[in-house]
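The structure appears below as structure tokens.
Derivation of every value follows stated rules applied to the coordinates shown; laboratory data play no part. Source: prediction; values computed, not measured. Virtual Cβ from ideal backbone geometry, glycine too; neighbours counted across all protein chains shown.
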Ligand SMILES: Nc1ncnc2c1ncn2[C@@H]1O[C@H](COP(=O)(O)OP(=O)(O)O)[C@@H](O)[C@H]1O
Ligand SMILES: [Mg+2]
């Protein structure tokens, strides 16, 4: 298992009390497999990804990334773990307007001058892998929504993470472009052997998944692959 969440409970402050966003959630995500998470708005999907990404520390439970138990790690240690082992794709690409496609990826590499050429090579290789080799010099305003989301995905893979966490990547895309993005995530998961969690609201995407998990009111249950 490359990502394990064990007995995770997460609450947020809510008026005088606490709101339980995740209620004793356990999820094991194997390498090279796509685990889809579905559920209504407000059910806890993004909270689940934020805990898996170590961006939020749960009230209780453990998050294990590539065999490393993250419990008790310092902020600095967690930042290092995220940088090297976890790729995160948020709903909105959040690309920097002034940078070209290749540069969006290169900034992920935090490298000194000597290794800058290697970072450039890796950025171009990943842009090729997501079908954008010819557009490496374009800036975000010269790209379509689907192309920007592909750059977002390539950027998350820049440091060769073992874990890939993707939150509703198609919500701003039409059906055809959305399906192409899901195909891309599926292929990259197989090729690169990532343990991938895909949060989606679109049941049409579930056919690509190896496993489908449904979240309801912060609790997990296994759903059938058709989501019915
Ligand atoms: N930072 C926060 N503070 C307080 N409540 C939050 C916060 N983030 C999410 N919530 C609440 O937690 C629940 C789960 O939210 P979320 O994980 O965003 O669900 P989903 O991604 O499935 O829409 C919701 O009731 C939401 O309002
Ligand atoms: Mg969400």
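What to note about this one:
- Volume per residue of the C-alpha convex hull in segment 1-140, rounded to whole Å³: 162
- Model label sites at residue 75 and residue 18, defined 7 Å from Cα along the beta-carbon direction, differ in position by 2.2 nm.
- Hypothetical label at residue 60: residues of segment 7-30 whose amide nitrogen lies under 15 Å (7 Å Cα-Cβ projection): 7-12, 20-26
- Distance in nm between pseudo-label sites at residue 92 and residue 160 (7 Å out along the Cβ direction from Cα): 3.3
- Theoretical gain in end-to-end length, residue 138 to residue 180 [0.36 nm per residue, Cα-Cα removed]: 13.1 nm
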